[in-house]
Amino acid sequence: MTYKRASYIALGILFVVGIAYLWHAIGLTDARARDAIGPAYFPTVLGVLLLVLCAASFLKTLRSSDERVVTIPNAGLVALSVVLAGLFIAAWQYLSAIFYPVVFALCLILMTLFSRAGGWKRHAVNVGATAALTVGIYLLFDLVMQVRF
């Protein structure tokens, strides 16, 4: 894949994400903040900024004559990771009752996929690191910040 094609694909994805982000940001309203800066102000600024920067990068790429070839090592693993993360985010609201076990499973799957060496020692390290990460997320968000997923 050429550099320009990869740039167009990445910019297209970022542009769609920016539109979705801006759409949700505009929906943030607060009846108490009539003339003051409300909860939608900064997310809207960030969404507009993302779209403007995507458009500027698109124009820069369009004018570029760079035709080098870009290779993505382990492209299949990267694509699988993106799909798994997308499924996790899409199903988040339905899995809220079992959020932490699902986080543990997702992290363990990703750590196992990207582990270079196999064996039971590597798997034990992956399980331990995933458990520590999940417990850390629980302690920080659920107990300290009292955010319920």
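The values are calculated or read from the model by the stated rules, or taken from the named source; none is laboratory data. Being a predicted model, the structure only gives us computed values, none of them experimental. Cβ sites come from the backbone with ideal geometry, for glycine too, and all protein chains shown count toward neighbours.
So, Ala97, is that one among the aliphatic types (A, V, I, L, M), in a helix (DSSP H, G or I) and loosely packed, with under 14 Cβ neighbours inside 10 Å or not? Taking the combined requirement at face value, the residue satisfies it. Here Leu87, Leu77, Leu110, Leu140 are screened, and the one residue that is surrounded by fewer than 14 Cβ atoms within 10 Å (Cβ to Cβ), modelled with pLDDT of 85 or more, touching a Leu at 6+ places or on another chain (Cβ under 8 Å) and assigned to a helix (DSSP H, G or I) is Leu77.
Condition test on Val83, is it in contact (Cβ under 8 Å) with a residue 12 or more places away in the chain and among the hydrophobic types (A, V, I, L, M, F, W, C)? Even if it seems obvious, please write down each step before you answer.
On the way: in contact (Cβ under 8 Å) with a residue 12 or more places away in the chain: no; among the hydrophobic types (A, V, I, L, M, F, W, C): yes.
So Val83 fails the test.
Criterion first (part of a helix (DSSP H, G or I) and surrounded by fewer than 14 Cβ atoms within 10 Å (Cβ to Cβ)) does Ala105 satisfy it?
No, not satisfied.
Summed over the stretch 7-40, the residues that are surrounded by fewer than 15 Cβ atoms within 10 Å (Cβ to Cβ), of a type in the set (A, V, I, L, M) and either at pLDDT 90 or above or part of a helix (DSSP H, G or I) (or both) give a count of 8. Out of curiosity, is Phe58 out of contact with any His (no Cβ under 9 Å at 6 or more places or on another chain), in contact (Cβ under 8 Å) with a residue 40 or more places away in the chain and surrounded by 11 or more Cβ atoms within 10 Å (Cβ to Cβ)? Answer is yes for this residue. Within the stretch 113-131, the set of residues being exposed (fewer than 11 other Cβ atoms within 10 Å of the Cβ) and either basic (Lys, Arg) or in a helix (DSSP H, G or I) (or both) comprises Arg116, Trp120, Lys121, Ala124, Gly128.
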